[in-house]
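A short write-up of the structure that comes next.
The values are calculated or read from the model by the stated rules, or taken from the named source; none is laboratory data. Model, not experiment: these values are computed from the prediction. So basically every Cβ, Gly included, is an ideal-geometry build from the backbone, and we count neighbours across all protein chains shown.
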Amino acid sequence: MMDGARTTPAPRAASRREAAIADELARTSRPGPRPRVRGKFLVIGDHELWVRGVTYGTFAGQTEGEDYPPDAVLERDFATMRANGVNAVRCYTAPPRRLLDAAWRHGLRVMVGLAWEQHVAFLEDPGRARDIARRVGEGVRRCAGHPAVLCYVIGNEIPASIVRWHGRRRVERFLRRLYRAAKREDPDGLVTYVNFPTTEYLNLPFLDLCCFNVYLECDEQLAAYLARLQNLAGDRPLLMAEIGLDSQRKGLDEQARGLAGQVRTTFAAGCAGAFIFAWTDEWHRGGCEIEDWDFGLVTRDRQAKPALAAVRRALVEVPFAADEAWPRISVVVCSFNGAATIRDTLRGLRRLEYPDYEVIVVDDGSTDATPKIVAEYPEVWLIRTENRGLSAARNLGWQAAEGEIVAYIDDDAYPDPHWLHFLAHGFTTGDWVGVGGPNLAPPGDGPIADCVANAPGGPVQVLISDVEAEHIPGCNMAFRREALAAIDGFDPRYRAAGDDVDLCWRLQESGGRIGFHAGAMNWHHRRNSLIAYWRQQIGYGKAEALLEDKWPERYSAVGHLAWAGRLYGRGVQLAIPFGRARVRGGVWGSAAYQSLYEPAPSGLLALPLMPEWWLVIAALAALALLGLSWPPLLLVVPAVCLAIAAPLTQAAIAASRARFPVAPRSRGEALQRWLLTFCMHLVQPLARLTGRIRHGLTPWRRRGRASTLARARPAQEPIWAESWESPERRLERLEGAVRAQGVIVRRGGELDDWDLELRGGLCSYLRTVVAVEEHGQGKQLIRAAARPRTAILARVSTLVSLALAVAAAHGEAWIAAAALLFAALVFARKIQRDHAVALGGWVAAWDQLRSRSARGVAVAQPDETGPDETGPDETGPDEAGPDETGPDETGPDETGPAQVARGAEPEPREPTPAADPRPVAVAEQARHPAATAWARISAKPVRAVAPIREPRPFSRNSAIYRLCGAGVSGGDVIAKHASRPVFEIERVAHEQVLPRLAVPRIQLYGAVESNRDGWLFLEDAGERAFDDDHGGVVATWLGRFHVAAAAASATAGWPLPSQHASRFRTRLEVALERVHDALDQPRVADEDRRKLRRLVSLSDALLARWAELAGLADAMPTTLVHGDLAAKNGRLRTSSAGLELVMLDWEMAGYGSPAIDLGALWYAYADPRPLILGPYAAEVGRAWGCSDADIERATLAGRALRIVAAIEWASVSLPYPPVARSVRKLRRHVGRLEQLMTDLGPGLP
């Protein structure tokens, strides 16, 4: 159910940006709130303050003993600064009051520098250190409370050699001392330290904002380094305290170009501002004038350089140019009973500065006031559905979206006004399929929420590099719509959490990369009670169990996920430090960029971070309790104490690192916050462990089926293959077959002497080696060896338990002896079973490879295309799609009676190999995956497994088998094996859609989910397909289906994809990109090239009229469509009501206009018009009131959509040889497109 209308905010002109800057400058000159930190940016009141600054000084000493020019010069300089868009000035020494007053009159904020002798070993003399702290305090006192003060700088670029001399920790402590001295004098003032790349390793988390001086002339290098600095800054603003370029060496024009680029790059990187070094070439240092550098925007006599105008233009654009072309973005908010916070979300979205976006709220069955609140915002499009979980709601969001980018934000979060700008900038500057940003806890949510923000288990990003992410949290993520469509969006199994992790992994597995932009910030409310936090972490434990079930290879034997990247954010759990962090300073400390390298946590000290550590504590405690029966076991008590002390120490260290938005008012309040954060670090692993255990993620979890050890030798017997296949491809088949058995398999690395490792469980695994002998003429002998391994810890635990049991029995402590003996037997049994599970998976996989080799199945001989060059196979996805031939076959290509009847000359057709009717060998029946899956839902035996359509390399087709004798009264059952997205669509169609519609259907006997795919078991509908004689039956069925589905879907909200015209436009654009790539290939013949260019020309003309086409499709109401109406997908059967039609293959079903099905009907029959305007119109006309003209318009649009689908499928195989075959398929659609454009005419029909 969809409420509201799509609205687009009006574009913002560049003049509005000029007016906004003028308004900001006016606000800064009025008395009011002081600048403060809000997340990654600075604000004054409720308005962001973009710091557009210049440095000022140092100057020669004046007669009054000051280091600043006379008042007349100050007034003239500051007036010129403001006229050129500058709003801040950086001084290097404590400014006199007259400078602050002058700055305030001109609307300028001052970064107050507090100079001291940082270039000497200042900590050598304790008296000098005390004097520095005193002078810093005095400097702050002179300026405290002045409205012109932006912030205080307690130090600037302490040389790397001085830091090395004193040691970085001593310098860090001294800077903290100076920070406290400044805060004592002006508690509300912002305090910072200006760092430099040579000492970037200084850890100063107490500062209010991070400042760096950076001189990089290349914009790309500057952007890369700023991304690193953003990660060092964390959730604080990053301010460039100096950027600049010397005109004396680079020239005036190069200075202008370089400075403009640096300004744009700095703000585009999400920095809160920048100071350009310097305002004037006049610069004194150490009592001397510096004449061999000219960094100023004006000369010494205050004549403007070209750089001043270039910088002014760049500052006007902050943070981005108003006239820049931005992609349309759809913002999706999914909500279930989010009335408490969603109003803040919608307010924040209304305040976005982005010029082209829409907001979609998916109400996932809320029972509170959420829909009413959303209705208060008429620009928001509301989609209401029954509660089906977060993933299903997010899928509805992207399917309904019009934007090329889909951004997600939670209903308990709200964005920064420039959130979408930074996300879009990330997409436009990198080849990312997704981009995310930081999510910060807003201040003012209460002390518990502040502590939760510092507790583990929150939404944090996992970064592989400074700009590339392995995972971005679901509360702040955006993806290209086409990337979501390519993997069918989110997995519906994740109803509350884990869907974002799964989606990121699937996108990366399909070849996509995910970016991260520190400026794309939003505010995310944390849980505000301990009970809510406990429940949240239990839910995350459940999500981990679901992720492990789908991605077992990413988890350890214990069940712990090891990220490839590093976790960033507050509350991240860190191991107890062991060893000293080292500074990479280069030879003699001369490196230009010096980083801190933390020692890798030792495996032992990292163990307490895992939730399962509490199971270790429980086991040790139980062992200690047995000491009451046998006193020697009391020696375990110290081990119990150490085991408990480890998480306590880790929690204490983490709590001491916690940062809060508001400083505690007393030591008692600080202690309360520390204790609460400490407790949360202890509670969170217990909650996660509870959720994991409840949902099966335990160290003793079982996978696969055990095999007997007696079968080890047959599994290693060599296999003789009559047809050639590459060794890599055979290993891939083995790997896939092992996974199908539910066994975790891992590939060997570059330094491993084994190929595959099969993990049966925590205690045992199997390592295999495969060798392939070449015997000429494509014949091969495949050898394999399986080597069982037992985990050292399991072996030691077994032997120690057994030895202690013997010792206890010898001491006549029978209770302890029995308990220890039982533990030893449990370990031994676990080792045996884990080994048997791994062996069972290997046996089954080896047998499948043997049977495949016996049937002579292979992909390519070595003298043909090679083992890995084929891409799509001979039939491939260009003919396939969701069925054997795909939409191009029943659309405008050669099949169906329509082509010959309309005078189109049929082209020569390649023979299509018929489905192999031979049943699988009897010996393989019980182990065939179809029979194995069937056995999980039915006890009826399978007499034979006959392949109808077997899987092929690179094909997107589903595999279909006939299970002979498994059905009712000995009939057959159709087993369909499909990828997870296709499986979910088909299951929804058979379980939820068809039973609610008054149309004939086949029975779904059951479904079996696998890790990444699934099995559907369906009634055998027979072999009678419809033809020309049954057009009336087909048209009547289609009309009834559309009408019934439209009525039912209005309230059901089935989780099916979109089949609207916008999706087909994307498919056509993707296909045209492939065709353009093919045109650049020399292997395309001239005649084929001419036809392809004609196809491109016609397609471009079709795209130019797509708005008209979409209007034609929308002439009829939205309903559910089959998506692939074809004779091969329909079966006729006789019932008491007469001849009836049942449709198969619902893989392309979804929401859309009836046009796509009408287009398929048009191309399926020689004379379709009487069918469409007869039986079909009779059904829909009564229900919808559609006229014949409406139906004809939709049919015309449907013809175009059908052709587009065919072109897209045929284009998939263009990158793979033989290209001529793919081109020949595409050429078939040229005539159809020409006829379609003729029928479209110059205007609407």
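All of (1) modelled with pLDDT of 85 or more; (2) part of a helix (DSSP H, G or I) hold for Arg711 with one exception: (1).
Would you be able to say whether some residue in segment 130-138 is closer than 30 Å to Thr429 by Cα, among the hydrophobic types (A, V, I, L, M, F, W, C) and either free of Cβ contacts under 8 Å to residues at least 60 places away in the same chain or buried (at least 18 other Cβ atoms within 10 Å of the Cβ) (or both)? Walk me through it before giving the result.
Taking segment 130-138 as the starting set, the residues that turn out to be closer than 30 Å to Thr429 by Cα are none.
For segment 130-138, residues closer than 30 Å to Thr429 by Cα, among the hydrophobic types (A, V, I, L, M, F, W, C) and either free of Cβ contacts under 8 Å to residues at least 60 places away in the same chain or buried (at least 18 other Cβ atoms within 10 Å of the Cβ) (or both): absent.
Only one of the numbered conditions (1) surrounded by fewer than 18 Cβ atoms within 10 Å (Cβ to Cβ); (2) modelled with pLDDT of 85 or more; (3) under 18 Å from Ala737 (Cα atoms); (4) not polar (S, T, N, Q) is violated by Glu991, and that is (3).
When Tyr593 is tested against (1) farther than 24 Å from Val433 by Cα; (2) in the same structural domain as Gln650 (by TED's automatic domain parsing); (3) touching a residue at least 40 places away in the same chain (Cβ under 8 Å), only condition (2) is not met.
On the stretch given as segment 418-473, residues that are more than 16 Å from the chain's Cα centre (by Cα) and under 21 Å from Gln508 (Cβ atoms) total 2. Filtering segment 737-774 to residues that are touching a strand residue (DSSP E or B) at 6+ places or on another chain (Cβ under 6 Å) and in a loop (DSSP other than H, G, I, E, B) leaves Val743, Trp754, Asp755. From the list Arg90, Arg76, Arg82, pick out the single residue that is closer than 30 Å to Ala314 by Cα and in contact with a His (Cβ under 7 Å, 6 or more places away or on another chain). Checking each option against the conditions leaves just Arg82. The single condition from (1) assigned to a helix (DSSP H, G or I); (2) at pLDDT 85 or above that Leu1125 fails is (1).
Of the helices (runs of 4 or more DSSP H) entirely within segment 575-679, those holding at least 1 residues that are hydroxyl-bearing (Ser, Thr, Tyr) and at pLDDT 80 or above occupy 637-656.
Only one residue in Leu1214, Leu1161, Leu1173 is modelled with pLDDT under 85, out of contact with any Phe, Trp or Tyr (no Cβ under 6 Å at 6 or more places or on another chain), crowded, with 23+ Cβ neighbours inside 10 Å and not small (Gly, Ala, Ser). Which one? From the options Leu1214, Leu1161, Leu1173, the qualifying one is Leu1214.
Within segment 104-114, is even one residue within 30 Å of Ala260 (Cβ to Cβ), of a type in the set (Phe, Trp, Tyr), crowded, with 18+ Cβ neighbours inside 10 Å and out of contact with any Lys or Arg (no Cβ under 8 Å at 6 or more places or on another chain)? Walk me through how you get there before you give the answer.
Of segment 104-114, the ones within 30 Å of Ala260 (Cβ to Cβ) are 104-113.
Filter once more, keeping what is of a type in the set (Phe, Trp, Tyr): 104.
Now narrow it down to the ones that are crowded, with 18+ Cβ neighbours inside 10 Å: 104.
Filter again for out of contact with any Lys or Arg (no Cβ under 8 Å at 6 or more places or on another chain), leaving 104.
So far as segment 104-114 goes, yes, one or more of its residues are within 30 Å of Ala260 (Cβ to Cβ), of a type in the set (Phe, Trp, Tyr), crowded, with 18+ Cβ neighbours inside 10 Å and out of contact with any Lys or Arg (no Cβ under 8 Å at 6 or more places or on another chain).
Residue count for segment 1044-1090, restricted to those that are at pLDDT below 80 and of a type in the set (Ser, Thr, Tyr): 2.
Every residue, every condition in (1) within 27 Å of Ala658 (Cβ to Cβ); (2) surrounded by fewer than 21 Cβ atoms within 10 Å (Cβ to Cβ), yes or no:
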residue: Gly457; (1), (2): yes, no
residue: Gln461; (1), (2): yes, no
residue: Val467; (1), (2): no, no
residue: Ala485; (1), (2): no, yes
residue: Ala497; (1), (2): yes, no
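With respect to the conditions (1) under 29 Å from Ala268 (Cα atoms); (2) touching a helix residue (DSSP H, G or I) at 6+ places or on another chain (Cβ under 7 Å), Ile538 falls short on a single one, namely (1). Residues considered: Gly270, Gly251. Of these, the only one that is at positive phi, small (Gly, Ala, Ser) and crowded, with 24+ Cβ neighbours inside 10 Å is Gly270. Gly571 meets the conditions (1) at positive phi; (2) at pLDDT 80 or above in every case but one. The failed one is (2). Taken over segment 288-335, the criterion of being farther than 29 Å from Gly403 by Cα, under 46 Å from the mean Cα position of the chain (by Cα) and either surrounded by fewer than 17 Cβ atoms within 10 Å (Cβ to Cβ) or among the acidic types (Asp, Glu) (or both) is satisfied by Ala309, Arg313. Scanning segment 657-680 for residues that are of a type in the set (S, T, N, Q) and either in contact with an Asp or Glu (Cβ under 7 Å, 6 or more places away or on another chain) or over 22 Å from Met610 (Cβ atoms) (or both) returns Ser666, Gln672. Only one entry in Val859, Val837 is at pLDDT 85 or above, within 20 Å of Gly736 (Cα to Cα) and within 36 Å of the chain's Cα centre (by Cα), namely Val837.
Given the criteria crowded, with 19+ Cβ neighbours inside 10 Å, in the same structural domain as Arg570 (by TED's automatic domain parsing) and touching a residue at least 12 places away in the same chain (Cβ under 8 Å), does Gly519 qualify? Before you say what the answer is, go through the steps one by one.
Values: crowded, with 19+ Cβ neighbours inside 10 Å: yes; in the same structural domain as Arg570 (by TED's automatic domain parsing): no; touching a residue at least 12 places away in the same chain (Cβ under 8 Å): yes.
The answer is no for Gly519.
Checking segment 1021-1039 against the condition returns no match, with no residue being hydroxyl-bearing (Ser, Thr, Tyr), surrounded by 18 or more Cβ atoms within 10 Å (Cβ to Cβ) and part of a loop (DSSP other than H, G, I, E, B).
Taking residues in segment 93-116 that are at positive phi, and partners anywhere that are part of a helix (DSSP H, G or I), the pairs with Cβ atoms closer than 8 Å and at least 6 places apart or on different chains are Gly107/Leu25; Gly107/Ala26; Gly107/Thr28; Gly107/Arg82.
A quick yes/no check of all residues on (1) touching a Ser or Thr at 6+ places or on another chain (Cβ under 9 Å); (2) closer than 29 Å to Arg228 by Cα; (3) at pLDDT below 95:
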{"residue": "Phe275", "(1), (2), (3)": "yes, yes, no"}
{"residue": "Arg285", "(1), (2), (3)": "yes, no, yes"}
{"residue": "Asp292", "(1), (2), (3)": "no, no, yes"}
{"residue": "Arg300", "(1), (2), (3)": "yes, no, yes"}
{"residue": "Arg313", "(1), (2), (3)": "no, yes, yes"}
{"residue": "Ala321", "(1), (2), (3)": "no, yes, yes"}
{"residue": "Ile329", "(1), (2), (3)": "no, yes, no"}
{"residue": "Ala339", "(1), (2), (3)": "yes, no, yes"}
